[in-house]
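Peer 1: Can you read through this structure? Questions will come right after.
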Amino acid sequence: MDGKDHVKILKGIRGVLDARILERDVVSLLQNLESADRTFAGMPMDCPGMDACASKETVIALFCDGDYPAPEESMLELVDSRGVTIGHDVPECQRHRYEEPSVLWMTQNMVLYPEKMTEGEIRVVLHAFRMDMDGSDAWVYYPSKESADILNDMFGTTGRSLSTLIVGTDGSGHSMPMADVMDVSGGGCGHGEPAPENAFD
């Protein structure tokens, strides 16, 4: 399956208005933008999800309207200086899993684990997550507004109410190192579960 096949599949997804293969110079530009020093709510940001998508054979800009399915996996984590996840965003499909006193809701869709918190720097980490695309190894990343604006201008989508996503795929292979992506079992409704190896339990 080549890039054109991927584009055809993506255009068939509900809410997708357009899908365009990105040239490597554009991908490099987006990587530089996403890796620039940025903050979120005063916290420094890391965006390994962009690098995850960029390392794939084909990188595609996806332009979607409000009918595009909402993410079912967490994309954003709060990680402390020990490497421990102390909070993350919660997709709507997972909200029922966090109705307990030990969880603190930082915002409408972000939870914190107070018992995991210690003094020290907290970083915001933006990940890519897996997309089911006819057996292809595909990953999705939600870029910054700056990157999205560049893609919107480049492909003439300025002024439209849409979401701009980045998809990276290798066809049927599985080459992405797991450190750079969020591979969550159960269709995305398992994120937030303790992993013995990451000191989150």
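Peer 1: Out of all the residues in segment 145-154, is one or more in a loop (DSSP other than H, G, I, E, B) and farther than 23 Å from residue 48 by Cα?
Peer 2: no
Peer 1: Criterion first (of a type outside the set (Lys, Arg), farther than 26 Å from residue 169 by Cβ, modelled with pLDDT under 95 and touching an Asp or Glu at 6+ places or on another chain (Cβ under 8 Å)) does residue 85 satisfy it?
Peer 2: Taking the combined requirement at face value, the residue satisfies it.
Peer 1: When you scan segment 49-140 for strands (runs of 3 or more DSSP E) that lie fully inside it, which ones turn up with 1 or more residues that are touching a Lys or Arg at 6+ places or on another chain (Cβ under 6 Å) and in contact (Cβ under 8 Å) with a residue 12 or more places away in the chain?
Peer 2: Output list reads 58-64, 76-80, 85-89.
Peer 1: Here is a list of conditions, (1) touching a helix residue (DSSP H, G or I) at 6+ places or on another chain (Cβ under 9 Å); (2) more than 24 Å from residue 166 (Cα to Cα); (3) among the hydroxyl-bearing types (Ser, Thr, Tyr), and residue 142 meets all of them except one; can you say which number that is?
Peer 2: Every condition holds for residue 142 apart from (2).
Peer 1: Is it the case that segment 86-101 has a residue that's open to solvent by 20 Å² or more (accessible area, probe 1.4 Å) and of a type in the set (Ser, Thr, Tyr)?
Peer 2: no
Peer 1: Given the structure, is residue 19 part of a helix (DSSP H, G or I) and either touching a Ser or Thr at 6+ places or on another chain (Cβ under 9 Å) or small (Gly, Ala, Ser) (or both)?
Peer 2: The answer is no for residue 19.
Peer 1: From the list 153, 149, 132, 201, which residue is open to solvent by 20 Å² or more (accessible area, probe 1.4 Å), over 25 Å from residue 32 (Cα atoms) and modelled with pLDDT of 65 or more?
Peer 2: The match here is 132.
Peer 1: Let me ask something additional. Among the listed residues 61, 52, 19, 41, which satisfies the condition of being open to solvent by less than 50 Å² (accessible area, probe 1.4 Å) and under 21 Å from residue 124 (Cα atoms)?
Peer 2: 52
Peer 1: If I filter segment 31-39 for residues that are at pLDDT below 95, in a loop (DSSP other than H, G, I, E, B) and of a type in the set (D, E, K, R), do I get at least one hit?
Peer 2: yes
The values are calculated or read from the model by the stated rules, or taken from the named source; none is laboratory data. None of these values were measured; they are calculated from a predicted model. Positions of Cβ are backbone-derived with ideal geometry, glycine not excepted, and every protein chain shown enters the neighbour counts. These accessible areas exclude ligands, DNA and RNA; they are computed on the full protein's heavy atoms, side chains included. Shrake-Rupley method; radii C 1.70, N 1.55, O 1.52, S 1.80 Å.
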